[in-house]
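The values are calculated or read from the model by the stated rules, or taken from the named source; none is laboratory data. Fair warning: this is a prediction, and the values are worked out from it, not measured in the lab. With ideal geometry, Cβ positions are generated from the backbone for all residues, glycine too; neighbour counts draw on all protein chains shown.
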Amino acid sequence: MSVDAATVKRVAHLARIKIDDDRSAVMAEELSKILGWVEMLGEVNTDGVEPLAAVIPNTLRWREDVVTDGGIQDKVLQNAPKAEYGFFAVPKVIE
Amino acid sequence: MTALTDLTLGQMRDGLRAKDFSAKDLAEAHVKAVEAARVLNAFTVETPELALKAAEAADAALAKGEAKPLSGIPLGIKDLFATEGVQSAAASNILKGFKPPYESTVSGKLFADGAGMLGKLNMDEFAMGSSNETSAFGTVINPWRGKGNESLVPGGSSGGSSAAVAARLVAGATGTDTGGSIRQPAAFTGISGIKPTYGRCSRWGIVAFASSLDQAGPMARDVRDCAILLKSMCGFDPKDSTSLDLPVPDFEAALTGDLKGKRVGIPKEYTVEGIPAEIDALWKKGADMLRDAGAEIVDISLPHTKYALPTYYIIAPAEASSNLARYDGVRYGLREAPENGSLIDMYEATRSAGFGSEVQRRILIGTYVLSAGYYDAYYLKAQKVRALIQRDFMQAFERCDVILAPTAPSAAFGIGANVDDPIAMYLNDVFCVPASLAGLPAMSVPGGLSDDGLPLGLQIIGRPLDEEGVLNAGYAIEQAAGFTARPEAWW
């Protein structure tokens, strides 16, 4: 699969990474190489094979439906680049 | 008298109990060693005060005869582990300055067992790399030097851990292994390291890279030291949904070096084209060592081996692209907000400035293979091939108890040698990735030296939950190889 610069820009936007034109051209080349390489998996017959979900058989546990944590607003906010009035602050999203 | 930093962790433990020296002596000797070795760039943060504080507590406990398993042992903790109040940045610009208000389960267990922390260890950014050259804190230098005094990489992603252990700056270190990140750096620096079975060590508080593959493990001077640390690191944790609720064996007690009645499998597919003859020769020597320890050597086949790396380079980036979505400039870490920009502008600017190029490359690959229309062709296909790779191992384990393979296809290489070719860099993990995909315990032990005098590692892969078998086979190799070479202290 060959990837062009426009595809890289589209994928970068999906991933929320800003990427300029020069770099998207370079990335297109690199990603094409890597995707070309992984396409070797097409050789493998996987008819009837279930995709692996867990390497070690393990069932998800149940727990009591009770609050076990909380009341630590200061700790939650202490690493925020911007916190105001006890909340995370972000650029305005509604007009 | 031997310098305190030259002792193995086991010797330190025994010496402390015999009152040959105090925990304070031990901590001070290591703090000095760390300070003197800054040129190696093994640490992202030094915390001598924490090491000394733990030593004080250890001396008090020792005096009262209440020593815990790791009382007074000074360790280094990989920067991927959240450590309370100490910067935990996963060697990324996007997390610089992040001081977790909580402790990861694994580091917490080590400290609860009496260990102290000398500092946070450098690594590839978000554990993505095989040479420690992607760190936002700069490349780590391998204490071993190449021909003509060439500077070498310490392997990756746990390169700060491997360098610090090999240079005798720490008694032992934590590492994490997603596709070889404990084993390959251990091999590159002449130390031992084990990745336990997936689920043995809690992933809680470890920065997530590829959640279905990530596993913590110890890196240390010898196999016994690994066994001692592993016991403290393992154990059920309700905070990790994939944590295994099983008793933790006494790994150290398994070290007999006797392999009578054990069968060691040699996978024919691990004979990869272009591998240096010295790697092949060491592999054969390793088989002889295990035979001498009483094991029977059998040929086995792991037919899907060559598909392991491409499978890994779909699954790991896919999981990473999802895990790394949380770095958005809102809750922690870096924020880049263009003036009058929107929320999305902020996300995009933050992630563009905060992630290094290898991390961006993997996020883009992961996003691409998970995007609409490609999911079945890439991700689902890879998960099916992964099932076949695991089946290969399970069939092989009907014929053998452990598998012997090289750890890496070369000795440590020069800084900058592979940075321009991602695929060449990825090939470093060709022998490590299959066991990761199958969730199996695997360790690297030093087997000998290359023609250039650099350490080479041998890898033991075991059945699920058979860390004891893996460690004991590693111990047999260690005893037979008598590996005593160490880097000359040039720093």
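Within the range B:292-303, is there a residue that is out of contact with any Phe, Trp or Tyr (no Cβ under 7 Å at 6 or more places or on another chain) and within 14 Å of chain A (Cβ to nearest Cβ)? Within the range B:292-303, one or more residues are out of contact with any Phe, Trp or Tyr (no Cβ under 7 Å at 6 or more places or on another chain) and within 14 Å of chain A (Cβ to nearest Cβ).
Of the residues making up the range B:86-101, those that are on the phi < 0 side of the Ramachandran plot and out of contact with any strand residue (DSSP E or B) (no Cβ under 9 Å at 6 or more places or on another chain) are B:S92, B:N93, B:I94, B:L95, B:K96, B:F98, B:P101.
Report yes if some residue within the range A:6-16 is within 8 Å of another protein chain (Cβ to nearest Cβ), within 30 Å of B:V86 (Cα to Cα), surrounded by fewer than 18 Cβ atoms within 10 Å (Cβ to Cβ) and without any contact (Cβ under 8 Å) to a residue 40 or more places away in the chain; otherwise report no. No: zero hits.
Just one of the numbered conditions (1) surrounded by fewer than 20 Cβ atoms within 10 Å (Cβ to Cβ); (2) more than 16 Å from the chain's Cα centre (by Cα) is not true of B:S211: (2).
Each residue in the range B:76-130 was checked for being part of a strand (DSSP E or B) and farther than 30 Å from B:A60 by Cα, and 0 of them qualify. Taken as a whole, the range B:332-347 holds at least one residue that is more than 8 Å from every other protein chain (Cβ to nearest Cβ), in a loop (DSSP other than H, G, I, E, B), closer than 14 Å to A:R16 by Cβ and of a type outside the set (S, T, N, Q). Only helices (runs of 4 or more DSSP H) whose full extent lies in the range B:1-64 are considered here, and the ones with at least 3 residues that are in contact with a strand residue (DSSP E or B) (Cβ under 7 Å, 6 or more places away or on another chain), among the hydrophobic types (A, V, I, L, M, F, W, C) and touching a residue at least 12 places away in the same chain (Cβ under 8 Å) are B:23-36, B:48-63.
Can you tell me which of B:R361, B:R351 is at the interface with chain A (Cβ under 8 Å from one of its Cβ atoms), surrounded by fewer than 22 Cβ atoms within 10 Å (Cβ to Cβ), in contact (Cβ under 8 Å) with a residue 12 or more places away in the chain and closer than 30 Å to B:Q383 by Cβ? Only one candidate passes the filter, namely B:R361. None of B:K53, B:K96, B:K78 is surrounded by fewer than 17 Cβ atoms within 10 Å (Cβ to Cβ), within 20 Å of B:T139 (Cβ to Cβ) and in contact with a Gly (Cβ under 9 Å, 6 or more places away or on another chain) except B:K96. Is there a residue being among the β-branched types (V, I, T) and either surrounded by fewer than 22 Cβ atoms within 10 Å (Cβ to Cβ) or in contact with a Ser or Thr (Cβ under 6 Å, 6 or more places away or on another chain) (or both) anywhere in the range B:311-327? No, the range B:311-327 contains no residue that is among the β-branched types (V, I, T) and either surrounded by fewer than 22 Cβ atoms within 10 Å (Cβ to Cβ) or in contact with a Ser or Thr (Cβ under 6 Å, 6 or more places away or on another chain) (or both).
Looking at this structure, is A:G36 over 30 Å from B:S243 (Cβ atoms), out of contact with any Phe, Trp or Tyr (no Cβ under 8 Å at 6 or more places or on another chain) and in contact (Cβ under 8 Å) with a residue 24 or more places away in the chain? Against the criterion (over 30 Å from B:S243 (Cβ atoms), out of contact with any Phe, Trp or Tyr (no Cβ under 8 Å at 6 or more places or on another chain) and in contact (Cβ under 8 Å) with a residue 24 or more places away in the chain), A:G36 qualifies. Within the range B:448-491, the only residue that satisfies the criterion of being surrounded by fewer than 24 Cβ atoms within 10 Å (Cβ to Cβ) and among the β-branched types (V, I, T) is B:T484. Considering the range A:64-95, the residues that are assigned to a helix (DSSP H, G or I) and over 26 Å from the mean Cα position of the chain (by Cα) include one that is nearest to the other protein chains (Cβ to nearest Cβ), namely A:D74.
Each residue in the range B:146-168 was checked for being aliphatic (A, V, I, L, M) and touching a strand residue (DSSP E or B) at 6+ places or on another chain (Cβ under 7 Å), and 3 of them qualify. If you take the residues in the range A:43-63 that are more than 7 Å from every other protein chain (Cβ to nearest Cβ) and modelled with pLDDT of 95 or more, which one is nearest to A:K9 (Cα to Cα)? Among them, the one singled out is A:E43. Screening B:G172, B:G179, B:G190 for residues that are more than 27 Å from B:K99 (Cβ to Cβ), within 15 Å of the chain's Cα centre (by Cα) and more than 14 Å from chain A (Cβ to nearest Cβ) leaves exactly one candidate, B:G190. Checked across the range B:277-296, the condition of being within 24 Å of the chain's Cα centre (by Cα) and assigned to a strand (DSSP E or B) holds for no residue.
The requirement of being in contact with a helix residue (DSSP H, G or I) (Cβ under 7 Å, 6 or more places away or on another chain), in a strand (DSSP E or B) and under 30 Å from B:E273 (Cβ atoms) is fulfilled nowhere in the range B:312-328; no residue meets it. Scanning the range B:88-125 for residues that are within 14 Å of chain A (Cβ to nearest Cβ) and either over 22 Å from B:K239 (Cβ atoms) or of a type in the set (A, V, I, L, M, F, W, C) (or both) returns B:A89, B:A90, B:S92, B:N93, B:I94, B:L95, B:K96, B:G97, B:F98. Number of residues in the range A:17-35 that are facing chain B (nearest Cβ under 10 Å) and surrounded by fewer than 16 Cβ atoms within 10 Å (Cβ to Cβ) equals 3.
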